[in-house]
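A quick write-up on the structure given underneath.
The values are calculated or read from the model by the stated rules, or taken from the named source; none is laboratory data. Model, not experiment: these values are computed from the prediction. FYI the Cβ positions are ideal-geometry reconstructions off the backbone, even for glycines, and counts take in every protein chain you see.
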Amino acid sequence: MSEATVDVADLRVPGGPTASDDRTDDLQLRDDIRLLGRVLGEVIAEQAGPEVLELVESTRVEAFEIRRDERDRSQLADRLAGLDPKSANHVVRAFSHFSLLANIAEDVHHERRRRHHRREGSPPQKGSLAGSLQLLDDAGLDGATVARELAGALVVPVVTAHPTETRRRTISQVQRQVSELIRQRGQEPGDAEDPAWSARLSRQVLTLWQTALLRLSRLRLADEIDEALRYYELSLFDVVPAINTELRQALRERWPDADLLREPMLQPGSWIGGDRDGNPFVTADAVRRATTRQAATALEHHLAELLALGAELSMSDRLVRPTPELYALADAAGDDSPFRADEPYRRALRGIHGRLAATALRVLGSVPGQQPEVLLDPYVAPEELRADLDVLDTSLRSHGAGALADDRLARLRDAVEVFGFHLCGLDMRQNSSVHEEVLAELLAWAGVCADYTSLDEAARVELLTGELRMRRPLVRRDAELSELARGELDLLVAAAEQVALLGPRTIPNYVISMCESVSDVLEVAVLLKEVGLLDPDGADGPRCPIGISPLFETIDDLQAAGATLTAMLDQPLYRALVANRGDQQEVMLGYSDSNKDGGYLAANWALYRAELELVEVARANGIRLRLFHGRGGTVGRGGGPSYEAIKAQPPGSVAGQLRITEQGEVIAAKYSTPDLARRNLEALVAATLESTLLDTEGLDEDAEETYALLDDLAERARRAYSALVHETPGFVEWFRAATPIRELSELNIGSRPPSRKATDKITDLRAIPWVFSWSQTRIMLPGWYGTGSALESWVDGDPERLARLQDLHRRWPFFRTVLSNMGMVLAKTDLELAARYASLVPDAELRELVFGQITAEHERTVRMLLAITGDDRLLADNPALARSIRNRFPYLEPLHHLQVEMLRRRRAGDDDELVRRCIQLAINGVATALRNSG
């Protein structure tokens, strides 16, 4: 933070790689971090005084000495424990800001390295589109196979709003400014000495220091909707259509007769405003706001691009001869301006803009952006707009202006194809127990069944299928219903209105949380029929524009997933509904609750097993299965590198289609710049192509034997995890005392409450704050606990059994990915720091009992992981993360010590507002430094 900053390259991760491993490649990164630290130090000295800078500097020096094993941790902890709340806040803010600045330097460095590799003509990187296409070339696939496997190909990253994004939007804006300045420095090395450039950087860091890191109030749902939409302008409007176009062209060049990818493969999705499971703020108005704001974002983009095209396409028909179709478009605009008399493209674009503006007025009630000169008949569907743009494209090419057609016009045509008028599909989600309660009330009101909840499953299915054969609704629109039932029906009415207004792509799916039975699915079908979304007796049988997606979450539900899907498809009426959706059935898999339920290894294997069974059920019933993976940002919630995770899926489970959630702080990390967005979206598409068209499992005839082995390991891991989390007396008390779970609920970082119900039960706690709390303590328990016991007890000292696991690690992507992700978590675990959090547990016997189990299991897990991988240190397979830990983790040290101290004071009765604020700032700072905390 001053010019005397310790070189981050000299840091060491215990048991990790040395600085020399990547010193040459990282010279500029280290220089950027030093520069940012120096500027921050100057701002601190100027704003808070030299004594505060001295406090921060001495703390930093000790933190680095601790990371180099040159100082005992307790010395720093004792010194920080003596700080007054004001001084503690200065230290927490300083180290939080430096973590954030180090993150910026890292991200820019990643971009820099990728540009370098492209310039140098390096081989395509793993996970890139070019890399996957090369693998497909090497495989020698025939066009018929590719066409069959990629029919209906679809990749949908679904953005969700969850309480792990701690940064304010204002802070993110400053980050982008600093990022741009560091990029300029990389392109023009002399910029660092340019006084004007240095002054701009200092101003941004000053803004950062004087801007509050914490929100004064909790995020509203409307804020979350708007926050997600800004990523379209930041990156998605440019990157998503570009990837689709490049992919389509590349595949058609290779297999010209296969007519591949008639529809865009990559399409965006969202849950924000439609996910009402446990979120009381998702109402009918929220659905209307979400879909309307999405439509406004898409239409504003298209309208602005049309205006830009009008300025660019100035061709005169005194010099070129456009097509008759282009003249027809120009004439339809009714533009009699003498200034455009010889400019048919500008006249045509004026008319197209007028029609699209009228469309916006029809669906939004106003025209976003610049107001049109004229309003014409609105477009009924985006395909009509695309057809008009195609006329421009054909005409430009007819007179040698193909280069112009390939520029802005091509991007707009592709954008209209992907985003339409709706922008992205908004999924609906609700818990099955709510559907049951609402439907019971409706059936009772209608006199159909006085006590639906008392019926067994067979009786429920019989009653529900009977209802689905009738057109008549159960209740009148003016029926007096409970607040719950009225709210659910009003919300579905709003959904039906928006589908009618914006088209069927607006709300593509209805997800059922905690789905356990056929009746859970049929209840949703009846509710959709109630508002007119499901037509029970169309010409070809029942039809519904919205797909019904069961979500299997707990381990028991995952184990029963195949049987549940079979029972669903055995119902003739529901099977007919699926047939009328192109024999397509989506199933969602929940990573979060399964992990909280049974631990890391058991959850991952339950998901893999469920996928295998679901693939077989789909094959037996002649349907196409699409899996929707509900992954979080952390390994404890299904996180980890997306490319590797997708390639580790079972054979047949991807099949050209994939939907996957993008949650919390991961959204900013992946989509805040075009470069980041391209890298991450390419990884999703590349992995989907490879998993669909190539054999990525590699088990061959050993599959069944290997599956049986993992069944055994998973059960052992589940027992070990349950022995601690579900069976140890006092564990919940220990968890609530040792982690900042209570204080987390006071942090204004999300619209949803942290628990589904107002209880202290782990089962009712949402998986996100569960994982977030463990991350704050650096125990990271959801990402590894139980695995060490399972591996050690199965091997039991037998070299042949260890060799068997080593062989699986070498050749089975699933097992390798599970262990690699676990290794990432273990590298971020720090039990010495965790012990300081454990000291907050007042009951000494309970404190030692639980922490002793955690410590012993951690030692087992690390030992077994290294034995199987053959590595001598954690992160040997991930040097980039090892480098990142070296750069950032010393700055976590004081944040943890001060968080523990302030938690201790707060819980002892100290109600000083600065103490509370320091706790929240420390939580924020730790989350920033860890990057994927929830």
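Table for the structure above
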item: Single match in 144, 105 (criterion: of a type in the set (A, V, I, L, M) and loosely packed, with under 15 Cβ neighbours inside 10 Å); result: 144
item: Selection count where residues are touching a residue at least 60 places away in the same chain (Cβ under 8 Å) and either of a type in the set (Asp, Glu) or assigned to a helix (DSSP H, G or I) (or both), scope the stretch 143-152; result: 6
item: Number of the exception - residue 903 against (1) modelled with pLDDT under 95; (2) part of a helix (DSSP H, G or I); (3) among the hydrophobic types (A, V, I, L, M, F, W, C); result: (1)
item: Given (1) modelled with pLDDT under 95; (2) in contact with a Ser or Thr (Cβ under 9 Å, 6 or more places away or on another chain); (3) within 27 Å of residue 471 (Cα to Cα), index of the condition residue 594 fails; result: (3)
item: Pairs where the first residue, in the stretch 259-275, is in a loop (DSSP other than H, G, I, E, B) and the second is of a type in the set (Ser, Thr, Tyr), C-beta under 6 Å, 6+ apart; result: 271/160
item: Residue in the stretch 823-844 that is under 22 Å from the mean Cα position of the chain (by Cα), in contact (Cβ under 8 Å) with a residue 40 or more places away in the chain and farther than 26 Å from residue 894 by Cβ present; result: yes
item: Condition broken by residue 759, with the remaining ones in (1) polar (S, T, N, Q); (2) at pLDDT 95 or above; (3) out of contact with any helix residue (DSSP H, G or I) (no Cβ under 9 Å at 6 or more places or on another chain) satisfied; result: (2)
item: Residue list for the stretch 67-82, filter: under 27 Å from residue 214 (Cβ atoms) and surrounded by fewer than 19 Cβ atoms within 10 Å (Cβ to Cβ); result: 79, 81, 82
item: Qualifying residue in the stretch 783-793 (condition: more than 30 Å from residue 741 (Cα to Cα) and either of a type in the set (A, V, I, L, M, F, W, C) or touching a strand residue (DSSP E or B) at 6+ places or on another chain (Cβ under 7 Å) (or both)); result: yes
item: Within the stretch 267-280, tally of residues that are among the hydrophobic types (A, V, I, L, M, F, W, C) and more than 21 Å from the chain's Cα centre (by Cα); result: 0
item: When residues of the stretch 214-229 are limited to those that are of a type outside the set (A, V, I, L, M) and under 30 Å from residue 915 (Cβ atoms), the one modelled with the lowest pLDDT; result: 217
item: Qualifying residue in the stretch 43-65 (condition: under 20 Å from residue 889 (Cα atoms), under 31 Å from the mean Cα position of the chain (by Cα) and not hydroxyl-bearing (Ser, Thr, Tyr)); result: no
item: From the options 423, 375, residue that is at positive phi and among the aliphatic types (A, V, I, L, M); result: 423
item: Selection status of residue 792, surrounded by fewer than 20 Cβ atoms within 10 Å (Cβ to Cβ), touching a residue at least 40 places away in the same chain (Cβ under 8 Å) and among the acidic types (Asp, Glu); result: yes
item: Residues located in the stretch 693-724, provided they are at pLDDT below 95 and under 27 Å from the mean Cα position of the chain (by Cα); result: 693, 694, 695, 696, 697
item: Residue under evaluation residue 298, criteria (1) touching a Leu at 6+ places or on another chain (Cβ under 6 Å); (2) surrounded by fewer than 23 Cβ atoms within 10 Å (Cβ to Cβ); (3) small (Gly, Ala, Ser), criterion not met; result: (2)
item: Number of the exception - residue 378 against (1) over 30 Å from residue 294 (Cα atoms); (2) touching a residue at least 12 places away in the same chain (Cβ under 8 Å); (3) assigned to a loop (DSSP other than H, G, I, E, B); result: (1)
item: Residues being surrounded by fewer than 22 Cβ atoms within 10 Å (Cβ to Cβ) and within 24 Å of residue 775 (Cα to Cα) - total across the stretch 795-816; result: 1
item: Residue in the stretch 653-700 that is surrounded by the fewest Cβ atoms within 10 Å (Cβ to Cβ), counting only those that are among the β-branched types (Val, Ile, Thr) and part of a strand (DSSP E or B); result: 660
item: Yes/no for residue 328 being surrounded by fewer than 18 Cβ atoms within 10 Å (Cβ to Cβ) and modelled with pLDDT of 95 or more; result: yes
item: Residue 747 in contact with a helix residue (DSSP H, G or I) (Cβ under 6 Å, 6 or more places away or on another chain), crowded, with 21+ Cβ neighbours inside 10 Å and either modelled with pLDDT of 95 or more or in a loop (DSSP other than H, G, I, E, B) (or both); result: yes
